[in-house]
Amino acid sequence: MSRIVYVNGRFVPEAEAHVSIFDRGFLFADGVYEVSSVLDGGLVDNAAHLARLERSLGALGMASPAAPEEIVRAQKELIARNDLDEGVVYLQITRGPADRDFAYPAVPRPTLVMFTQEKALVDNPLAAHGIRVVTVPDVRWKHRDVKTVGLLAASMAKQAALDAGADDAWMVEDGFVTEGSSNNAYIVTGDGVVVTRHLGREILHGITRSVVLALARERQITIEERPFTVQEAKDAAEAFITSASTFVLPVVGIDGEKVGDGTPGPVTRRLREIYVESARAGIDR
Ligand code: PMP
């Protein structure tokens, strides 16, 4: 597979794409990113992803090298050049190359890269059977609402899950679940209430989270945005995760214990259906 990728205004074959070894994204994880899903060749929830990108950049005092309209044009051109029907467009902005120094460069030259990844998002086999998670301590930094490329703690959590024979990790702080390694975490109580952690610096403000909660509220599903414990999750009727690349995905086991009857529950399945339908209806070509 040889993709066409985007680097600082140019579309190039992936083997010819280069970023400096002095790039601060490489040396300091000094960069932010976004992942927008692509369905039927069109972008899903992309305006919200680009709005969050602006907030992440602002939090790090970084300026975008391209206006949002230019970014959207480049995303669409990448989708077209790679003939992408279903998958994701990844986008990363770093503070760019500068001689190594902890202080920010006086005149930053930000790096902007984008690439596509083909993935079966709707017919994800994990949606039918659900995933199993293990809980791990949340050892990330304290600004998890900023979507930075400092993802080592999340990567270690995911690997610990795979090493334990599970699919993903839920991170726990002070006894409460914060979120998944790369997704937001939810439980459904016995009386059908959807519970997910409230927004704050402790979690990423998921775009899929905000859309799914709005769709659920429109359908009179009760939402509680509050912390929940691992025990509450193990005792819940259902559990699930959301993210741009997984949509709504059932969680059927936590630390080796079944959630509910160990199969995807009705509220989770309905929310997945509703989300996919709404994503399809709103895609941006
Ligand atoms: N939390 C974390 C830690 C994530 O990395 C992600 C996805 N990158 C999410 C939540 C989900 O966010 P979104 O729905 O915007 O993809």
Restricting the first residue to region 11-36 and requiring it to be without any contact (Cβ under 8 Å) to a residue 40 or more places away in the chain, which pairs with a second residue that is not basic (K, R) meet a Cβ separation below 6 Å and a spacing of at least six or different chains? P13/S2
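So for region 85-100 (the condition being open to solvent by 60 Å² or more (accessible area, probe 1.4 Å), part of a loop (DSSP other than H, G, I, E, B), touching a residue at least 40 places away in the same chain (Cβ under 8 Å) and farther than 17 Å from A279 by Cβ), does at least one residue qualify?
yes
Do we find that R209 is surrounded by 14 or more Cβ atoms within 10 Å (Cβ to Cβ), out of contact with any strand residue (DSSP E or B) (no Cβ under 7 Å at 6 or more places or on another chain) and not in a strand (DSSP E or B) in this structure? Give the steps one after another, and end with the answer.
Details: surrounded by 14 or more Cβ atoms within 10 Å (Cβ to Cβ): yes; out of contact with any strand residue (DSSP E or B) (no Cβ under 7 Å at 6 or more places or on another chain): no; not in a strand (DSSP E or B): yes.
Considered against the rule, which asks whether it is surrounded by 14 or more Cβ atoms within 10 Å (Cβ to Cβ), out of contact with any strand residue (DSSP E or B) (no Cβ under 7 Å at 6 or more places or on another chain) and not in a strand (DSSP E or B), R209 comes out as no.
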Answer from V19, V72, V5 - the residue that is touching a Phe, Trp or Tyr at 6+ places or on another chain (Cβ under 8 Å) and surrounded by fewer than 19 Cβ atoms within 10 Å (Cβ to Cβ): V19
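Please find, among V139, V172, V177, the residue that is within 15 Å of the ligand (Cβ to nearest atom), exposed (fewer than 15 other Cβ atoms within 10 Å of the Cβ), more than 28 Å from V7 (Cβ to Cβ) and hydrophobic (A, V, I, L, M, F, W, C).
Exactly one of V139, V172, V177 is within 15 Å of the ligand (Cβ to nearest atom), exposed (fewer than 15 other Cβ atoms within 10 Å of the Cβ), more than 28 Å from V7 (Cβ to Cβ) and hydrophobic (A, V, I, L, M, F, W, C), namely V139.
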Return only the number of the condition from (1) open to solvent by less than 10 Å² (accessible area, probe 1.4 Å); (2) out of contact with any strand residue (DSSP E or B) (no Cβ under 6 Å at 6 or more places or on another chain) that L204 does not satisfy. (1)
Within region 221-228, does at least one residue satisfy the condition of being among the aliphatic types (A, V, I, L, M), touching a residue at least 60 places away in the same chain (Cβ under 8 Å) and either within 16 Å of the ligand (Cβ to nearest atom) or surrounded by 14 or more Cβ atoms within 10 Å (Cβ to Cβ) (or both)? no
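The values are calculated or read from the model by the stated rules, or taken from the named source; none is laboratory data. Note that the structure is predicted; figures quoted are calculated from it, not measured. So basically every Cβ, Gly included, is an ideal-geometry build from the backbone, and we count neighbours across all protein chains shown. Surface areas here come from the heavy atoms of the whole protein model, side chains and all, with no ligands, DNA or RNA. Shrake-Rupley method; radii C 1.70, N 1.55, O 1.52, S 1.80 Å.
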